[in-house]
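To start, the structure itself, in structure tokens.
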Amino acid sequence: MANFDAILVGSGINSLVCAGLLARAGWEVAVFERNDCFGGNIRTEELTLPGFLHDVLSGWHPLFTGSPAYGELREELTVHGLHYLNTPHPTATLFPDDLAAFLTTSQEDNAAHFDGFAVGDGEAWRNMMAGFLTKADLAFGLLGTELWSPQGLLLAARGWRSLGTEASLQFGAELLESSRHWLEKTFSSPRIRGLLAPWVLHTGLGPEAAGSGFMTQVIAASLQLGGMPVPRGGGARLVDALASLIRAQGGVLRSGSHVERILLRDGRALGVRLLNGEEYTAGRAVICSVTPSQLYLKLLDPKQVSSSLRQRASEFRHGRGDMQIHLALSAPPAWPDERLLKTALIHVTPGLDAVSRAVHEADRGLLPEEATIVVGQPLTVDPSRAPRDKWILWIQLQELPSRPRGDAAGRIDTRDGFWDDILKERYADRIMRRLYRQLPGLEESILKRVVLSPADLERLNINLVGGDPYGGDCSLDQFFLCRPLPGLPQHRCPMAGLYHIGASTHPGPGLHGASGYMVAKQLLNPGLLQRIS
């Protein structure tokens, strides 16, 4: 039995950030990962052919490079080999008529471009950015503060003093607004709505969901302010740098180490037992980056978890499934607008209504007839990802049912409702046919195609339940003060010394490391609630 100050279960971005900060402060830390590689949803592999480096799951790091975790660790991560590359052309939407709308890192260019679609939309964009920036500390504070804590109360108090009562109430209403309502009241052009609407999918929401308008603004502002950075050599370089930093401070990382049980005594977490029977103690904290069902229904002895807590954990909902299509190409694609060839991430969709329709179809268990196609082009930022003159496309589909019950187009037989190899390839064919119509020569340029269904994603990472890449449904009853569970609106668990981090906890999904950062700061700088507990 080995002794540590802190043990972390799982090695996703939140665990690695937390372990890195604790190790820097002199804590003895150990990270146990059940898979053969570290990183959770960050992995880079030659998935198709030798020399083609694909980010297999997550692919883009704007949230991390803008996070306090990166701000604090940046110099050391650079020493450990992490180098970010960026682009002034983060995103665009390509419409069926081959016209495209773009968002860059230049506010003036964006405003002029928006006015080209509808006079006044440029001014609307300037006003949105100006208004958002006046409340940016509050907006990002909501996503980076332990809300049910003295710090959360201070954030609310600062917001009220800064805005006043009337504006504070208005801000509260804006937090609940849907993306559709915000887009339609703000912009006249359907093209600009179609440019921004797909980004709500990257938060696990749909355009009609409460709170989706706020999240659309957060992402849109972040893209203009921060671009679309990626690590040189692939997302796994972030994992490598964090792991190197942890080891340099004496920390231990073990892959292929399946934690079977969290050990408790008198209501306090003492350590963990692995599937092979090995036990390790944690003198200060056990920190788990898992889903609520894994934590309260599997890792903890059911005799030591209340029936009400087990019931709430069993009712935690997961969101829509996700599919990825990875392509190795013999040449760059022939986009209908040459500006698209230097754009990092492109949505292919008819616009807001189509995004909404596909979400509704997926929520009803149907394969969408016209899903939003997310096309990532990592070589626009990092040419080292493929051999010279070759290309990579990273395609993501975020509007899929985990268990398909039918096809909205009535053409694909979903059979038993499971994502087997036949079903995933047939649906991928539907997506590719749409791209072939707009990208002449694409089909002939494909050297290798690899499709990952929602079921494949869950096999890669146990936290991706049903292929949900966002750690659980992000509706308001499972977000902010209700995440991870109603009555448990923070990262401290009812058992002393036990902490819960990851996408299933506040502030939810996104490659930012925020929950790991918050827990590390709580442990290193105990606040009032910790001192009196």
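Taking R0 as 45 Å, what's the FRET efficiency between residue 315 and residue 98 from their Cβ-Cβ distance, rounded to 0.05?
Details: r = 46 Å, r/R0 = 1.02.
Efficiency computed from Cβ-Cβ geometry: 0.45.
Based on the Cα atoms of region 407-533, what semi-axes does the equivalent ellipsoid have, where each is the square root of 5 times one gyration tensor eigenvalue, given in whole Å with the largest first? Spell out each step's value before the answer.
On the way: eigenvalues 356, 56, 32 Å².
For region 407-533, the ellipsoid semi-axes come out as 42, 17, 13 Å.
What translational diffusion coefficient, to the nearest whole µm²/s, does region 316-392 have by Stokes-Einstein, given a Kirkwood radius computed over alpha-carbon pairs, a temperature of 25 °C and 0.890 mPa s viscosity? The partial results should precede the final answer.
On the way: Rh = 14.6 Å.
Estimated diffusion coefficient is 168 µm²/s.
Work out the length of the dipole vector of the chain about its Cα centre, built from +1 on the beta-carbon of each Lys and Arg and -1 on the beta-carbon of each Asp and Glu, and round it to the nearest 20 debye.
Values: 51 positive and 56 negative charges, 246 e Å.
For this selection, approximately 1180 debye.
Once the mean 1/r over all distinct Cα pairs of region 462-533 is inverted, what Kirkwood radius in angstroms do you read off?
On the way: mean 1/r = 0.0777 Å⁻¹.
Final number for the Kirkwood radius of region 462-533 is 12.9 Å.
Using the crude model of +1 on Lys and Arg Cβ and -1 on Asp and Glu Cβ, and no other charge, please compute the dipole size for region 279-412 relative to its Cα centre, in debye to 20. Numbers along the way, then the final one.
Working: 17 positive and 15 negative charges, 103 e Å.
That gives a dipole near 500 debye.
Using only C-alpha atoms and all pairs of different ones, pull out the Kirkwood radius for the chain in Å with one decimal. Walk me through the intermediate numbers first.
Working: mean 1/r = 0.0421 Å⁻¹.
With all distinct Cα pairs of the chain included, I get 23.7 Å.
Using the Cα centre of region 254-344 as the reference point, and only Cβ charges (+1 on K/R, -1 on D/E), how large is the resulting charge dipole? Debye, rounded to the nearest 20.
Numbers: 14 positive and 9 negative charges, 72 e Å.
So the magnitude is around 340 debye.
How many times 2.2 N^0.38 Å is the alpha carbon radius of gyration of region 254-407?
Details: Rg = 22.7 Å, N = 154, 2.2 N^0.38 = 14.9 Å.
Normalised by 2.2 N^0.38 Å, the Cα Rg of region 254-407 equals 1.52.
Separation of region 459-477 and region 481-519 by C-alpha centroid, Å?
15 Å
For a distance above 24 Å, tell me the whole-number percent of Cα pairs in region 158-269 that qualify. All intermediate terms of the calculation are to be shown ahead of the outcome.
Numbers: 3515 of 6216 pairs.
Result: 57 percent of Cα pairs exceed 24 Å.
Count charges around residue 185 for me, please; just the other residues with Cβ under 15 Å from its Cβ, Lys/Arg as +1, Asp/Glu as -1.
Values: positive: 180, 193; negative: 121, 123, 174, 177, 184, 208.
So the environment of residue 185 carries a net charge of -4.
Tally Lys/Arg at +1 and Asp/Glu at -1 over every other residue whose Cβ is under 14 Å from the Cβ of residue 424; what's the total?
Numbers: positive: 403, 415, 426, 430, 449, 459; negative: 322, 407, 413, 416, 420, 421, 425, 429, 456, 458.
Neighbour charge sum, excluding residue 424 itself: -4.
What percent does the relative contact order of region 172-257 come to when contacts are Cα pairs within less than 8 Å and at least six residues apart? Numbers along the way, then the final one.
On the way: 70 pairs, mean separation 25.0, N = 86.
Relative CO of region 172-257 lands at 29 percent.
Obtain the radius of gyration and the Kirkwood radius of region 337-469 from its C-alpha atoms and give Rg over Rh.
Numbers: Rg = 15.5 Å, Rh = 15.9 Å.
Reported Rg/Rh, Kirkwood definition of Rh: 0.97.
Any idea how far the Cα center of region 287-302 sits from the one of region 67-133, in Å?
38 Å
Tell me, what is the Rg over Rh of region 122-215, with Rh the Kirkwood radius over Cα pairs? Could the numbers behind the result be given before it?
On the way: Rg = 14.2 Å, Rh = 14.3 Å.
Here the Rg-to-Rh quotient is 1.00.
Which of the peptides 334-345, 352-363 is most tightly packed, and how do the rest follow, going by the mean number of other Cβ atoms within 10 Å of each residue?
Values: 334-345: 18.2, 352-363: 21.1.
For the peptides 334-345, 352-363, the packing ranking is 352-363, 334-345.
Please compute the net charge surrounding residue 470, taking Lys and Arg as +1 and Asp and Glu as -1 over other residues with Cβ under 12 Å from its Cβ.
0
Counting only protein heavy atoms and a 1.4 Å probe, tell me what percentage of region 246-386's accessible area is made up of carbon and sulfur.
Details: 2410 of 5440 Å².
Accessible surface attributable to carbon and sulfur in region 246-386 totals 44 percent.
Contact order normalised by length for region 440-533, with contacts defined as Cα pairs under 8 Å and 6 or more residues apart; what percent is it? Please report the intermediate quantities before stating the final value.
Details: 90 pairs, mean separation 16.2, N = 94.
This gives 17 percent for region 440-533.
Please work out the average accessible area per residue across the chain, using the 1.4 Å probe convention, and give it in Å².
Working: 20730 Å² over 533 residues.
Heavy-atom SASA per residue in the chain reads 39 Å².
When the accessible area of region 115-194 is computed with all protein chains present and a 1.4 Å probe, what percentage of it is carbon and sulfur? Intermediate results must be reported in sequence, preceding the final value.
Details: 2590 of 4230 Å².
Ligands and nucleic acids excluded, carbon and sulfur give 61 percent.
Note down the relative contact order for the chain as a percent, whole number, built from C-alpha pairs under 8 angstrom at least six residues apart.
Values: 1146 pairs, mean separation 124.9, N = 533.
23 percent.
If every alpha-carbon in region 79-131 counts as one equal scatterer, what log10 I(q)/I(0) does Debye give at q = 0.16, 0.24, 0.31 1/Å?
The calculated log intensity ratios at q = 0.16, 0.24, 0.31 Å⁻¹ are -0.57, -0.95, -1.19.
Can you give the Kirkwood hydrodynamic radius of region 99-158 from its Cα pairs, in Å with one decimal? Could the numbers behind the result be given before it?
On the way: mean 1/r = 0.0740 Å⁻¹.
13.5 Å is the Kirkwood radius here.
Using the C-alpha gyration tensor of region 1-96, what are the square roots of 5 times its eigenvalues, in whole angstrom, with the largest one first?
Working: eigenvalues 176, 70, 30 Å².
Equivalent ellipsoid of region 1-96: 30, 19, 12 Å, largest first.
Can you find, among 250, 234, 290, the residue sitting farthest towards the positive end of the charge dipole of the chain, where Lys and Arg contribute +1 and Asp and Glu -1 at Cβ?
Result: 250.
Considering only protein heavy atoms and a 1.4 Å probe, what is the carbon-and-sulfur percentage of the accessible area of region 1-67? Before the final figure, lay out each step's value.
Working: 990 of 2100 Å².
Of all accessible area on region 1-67, carbon and sulfur atoms account for 47 percent.
Semi-axes of region 212-260's equivalent ellipsoid from the Cα gyration tensor, sqrt of 5 times each eigenvalue, largest first, rounded to whole Å? The partial results should precede the final answer.
Numbers: eigenvalues 214, 54, 21 Å².
Output for region 212-260: semi-axes of 33, 16, 10 Å.
Rg over Rh of region 192-329, using C-alpha atoms and the Kirkwood radius, what does it come to?
On the way: Rg = 20.6 Å, Rh = 19.4 Å.
With Rh from the inverse mean 1/r over Cα pairs, Rg/Rh is 1.06.
What area, in nm² and to one decimal, does the C-alpha convex hull of region 226-300 cast on average over all directions?
On the way: hull surface 30.7 nm².
Dividing the Cα hull surface by four gives the mean projection, 7.7 nm².
Please tell me which of these pairs span more than 18 angstrom C-alpha to C-alpha: 342/390; 135/521; 424/448? Intermediate values should be presented prior to the final figure.
Numbers: 342/390 14 Å; 135/521 24 Å; 424/448 16 Å.
Those over the limit are 135/521.
What nm distance separates the two modelled labels at residue 170 and residue 421, each placed 7 Å from Cα along Cα→Cβ?
Label at residue 170, label at residue 421, 5.9 nm between them.
Any idea how far apart residue 254 and residue 106 come out in nm if each label point goes 7 Å out from Cα toward Cβ?
5.5 nm
The values are calculated or read from the model by the stated rules, or taken from the named source; none is laboratory data. Keep in mind that this is a model prediction, so the values were computed, not measured. So basically every Cβ, Gly included, is an ideal-geometry build from the backbone, and we count neighbours across all protein chains shown. These area figures cover heavy atoms from the full protein model, side chains too; ligands, DNA and RNA do not enter into them. Shrake-Rupley method; radii C 1.70, N 1.55, O 1.52, S 1.80 Å.
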